[in-house]
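Note sheet for the following structure.
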Amino acid sequence: MKYLEPEQWQLDMEELYKPTWHVLGKSFIFNKKAKGADLNLLREEVRLYSCTPRNYSVSLREELKRTDVIFWPSCLLVKRCGGNCACCSHRCFDCQCVPARVTKKYHEVLLLRHRSGARGLQKSMTDVALEHHEECSCACKDDLD
């Protein structure tokens with residue numbers, strides 16, 4: 001920058017390091033300090049990032065450990081534990097999000113397999129049972145081992 005614009009480079013550098021609205025936060029943008037925290041908004045923020053069941057795409061082939069068939073659809077959405085346990089109340093160094101309540105849910109899928117001794121594929125509808133995590137909690141990794 002110094003060589004491309006000798007007269008302007010210092011101003012450009014100052015502009016680059018000037019705090020923007022991303023750094024300052026909402027209260028400074030609107031030229032007023034917040035009169036009080038919106039606890040509902042804060043609670044929602046904590047819930048979004050904390051250890052909770054969330055949708056994950058699961059490959060049926062990997063989940064069911066079946067390589068002899070083809071599933072359609074090949075992936076399904078299931079509820080699995082995820083999120084951050086760094087903010088949990090446990091006094092441990094390695095806290096993990098683990099399922100507290102697990103249920104099996106059945107999903108109807110198309111199963112394709114090679115016919116033995118014949119050409120083509122055998123097609124059938126089948127139910128596959130997948131684990132869904134209904135509730136999650138934070139636990140120390142030491143307690144899980």
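Observations on the structure shown:
- Computed extension gain for residue 54 through residue 124, at 0.36 nm per residue and net of the alpha carbon distance, reaches 22.2 nm.
- Amide H contacts of residue 134 (H built 1.01 Å from N, under 5 Å, at least 5 apart or other chain): 101, 102, 103
- Our estimate of slack between residue 69 and residue 106, defined as 0.36 nm per intervening residue step minus the Cα-Cα distance, is 11.5 nm.
- Computed extension length for residue 7-residue 132: 38.7 nm, one decimal, from 0.36 nm per residue of separation with the Cα-Cα distance subtracted.
- Here's how it looks for residue 50: its modeled amide H is under 5 Å from those of 84, which are all 5 or more places away or on a different chain.
Only the coordinates and a few stated rules stand behind these numbers; no lab work does. All values reported here derive from a predicted model rather than from experimental measurement.
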